[in-house]
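Read through the structure below, which is laid out as structure tokens, and then see the notes.
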Amino acid sequence: MKSATNPSESTSCELAREMAQKSRVGVVLLLGSPGAGKGTQAKELSRLWNIPQISTGDLLRIHVANDTALGRTVKTIIDHGELVPDSLITEMVEARLLEPDTARGYILDGFPRTTDQATWLIGRLAVERNPLPIRAVRIHLDRTQLLRRVSGRRHCPVCQRSFNIYEIYEHRPKYNGFCDRDGAALIQRPDDAEEVLCRRLKVYEAQTTPVIDFFQARGQFAEVMGDGPIEWITESILDAVNGLSLAGQEIPREY
Ligand code: AP5
């Protein structure tokens, strides 16, 4: 298992931005408990690498907001902190992966969450003509910090950005209660209520930690610590992903 914390003042982010515009980046999976910072980091990496962030949680919430058939099916499941059935999730992910912006790679935020989803993804990549390399990074954060972060999180139902109302955290909204980007009123996600969050943490332990073993066994897994400034964690992830480069699939060091 790899571990990277508090990286020194490297220029990884700048170099990654410069070099990422044309190269294949591959598939980067961000794993970690609810509130560990997957979404926050996925957005940073998406900007740096110029590849899409694909968040299954965001996609599901958009379905719920748009009152689609899928949204109506999954709303209660999400609100109770349970996992949406694998078949529905893989169908939704498949539709998203068919879009042309995924050709150089993509960041999967919150997927796979079960070993069946992981097996599906590996199978899907294996049948591609020129398969993208895949790397999984877990962001680790202790339970006390998770609970504090999630209790202060506020969510924009329009652009899916998340903010935090506590002064000690980054990403405070400029205008209290409103999204910086589109001015929408921020909400607390129903599944961020404390009892639902506890359920999500249990589900994560039971169903998602085996996904870590799955990628560790394949030599495609690294871990970074999730505390500290956002840009430090981004640098740690860049280093971790770079450390997982596979023979014949080298990408610039800064990835
Ligand atoms: P999803 O939306 O994926 O939720 P999650 O995995 O539980 O993750 P979160 O969104 O809660 O947290 P995060 O790790 O992204 O943290 P964030 O960056 O926001 O899934 C929701 C539900 O959908 C699931 O429970 C399930 O029902 C369903 N679902 C989704 N995918 C599924 C799948 N594959 N299979 C089945 N069901 C699925 O950060 C948290 C807070 O901390 C924010 O306020 C942020 O601003 C702040 N913060 C982040 N980083 C820092 C930092 N370094 N310093 C200070 N504050 C920080």
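The values are calculated or read from the model by the stated rules, or taken from the named source; none is laboratory data. If you're wondering where the values come from, they're calculated on a predicted model, not measured in any experiment. All Cβ positions, even for glycine, are placed from backbone atoms using ideal geometry, and neighbour counts span all protein chains on display.
Within segment 196-255, the set of residues being of a type in the set (Ser, Thr, Tyr) and at pLDDT 95 or above comprises Tyr204, Thr208, Thr209, Thr234, Ser236.
A search for C-beta distances below 9 Å between a residue of segment 78-98 that is without any contact (Cβ under 8 Å) to a residue 40 or more places away in the chain and any residue that is surrounded by fewer than 19 Cβ atoms within 10 Å (Cβ to Cβ) and among the basic types (Lys, Arg), counting only pairs 6+ apart in sequence or on different chains, returns Thr90/Arg124; Val93/Arg124; Glu94/Arg124. When segment 75-116 is filtered for residues that are under 20 Å from Arg218 (Cα atoms) and under 15 Å from the mean Cα position of the chain (by Cα), the ones remaining, listed by number, are Gly105, Tyr106, Ile107, Leu108, Asp109, Gly110, Phe111, Pro112, Arg113, Thr114. Scanning segment 140-149 for any residue that is under 23 Å from Asp79 (Cβ atoms), touching a strand residue (DSSP E or B) at 6+ places or on another chain (Cβ under 7 Å) and free of Cβ contacts under 8 Å to residues at least 24 places away in the same chain turns up nothing.
Considering segment 161-196, the residues that are farther than 19 Å from Ala65 by Cβ and of a type in the set (S, T, N, Q) include one that is nearest to the ligand (Cβ to nearest atom), namely Asn164. Per the conditions (1) touching a residue at least 60 places away in the same chain (Cβ under 8 Å); (2) within 9 Å of the ligand (Cβ to nearest atom); (3) out of contact with any Pro (no Cβ under 8 Å at 6 or more places or on another chain), the sole criterion not satisfied by Ala136 is (2).
The residues of segment 85-99 that are of a type outside the set (D, E, K, R) and either within 13 Å of the ligand (Cβ to nearest atom) or at pLDDT below 95 (or both), listed by number, are Pro85, Ser87, Leu88, Ile89, Thr90, Met92, Val93. Is it the case that Val158 is away from the ligand (no atom under 15 Å from the Cβ) and not small (Gly, Ala, Ser)? Against the criterion (away from the ligand (no atom under 15 Å from the Cβ) and not small (Gly, Ala, Ser)), Val158 qualifies.
Might you check whether a residue that is surrounded by 14 or more Cβ atoms within 10 Å (Cβ to Cβ), under 30 Å from Glu91 (Cα atoms) and of a type in the set (S, T, N, Q) occurs anywhere in segment 136-157? No; the residues of segment 136-157 include none that is surrounded by 14 or more Cβ atoms within 10 Å (Cβ to Cβ), under 30 Å from Glu91 (Cα atoms) and of a type in the set (S, T, N, Q).
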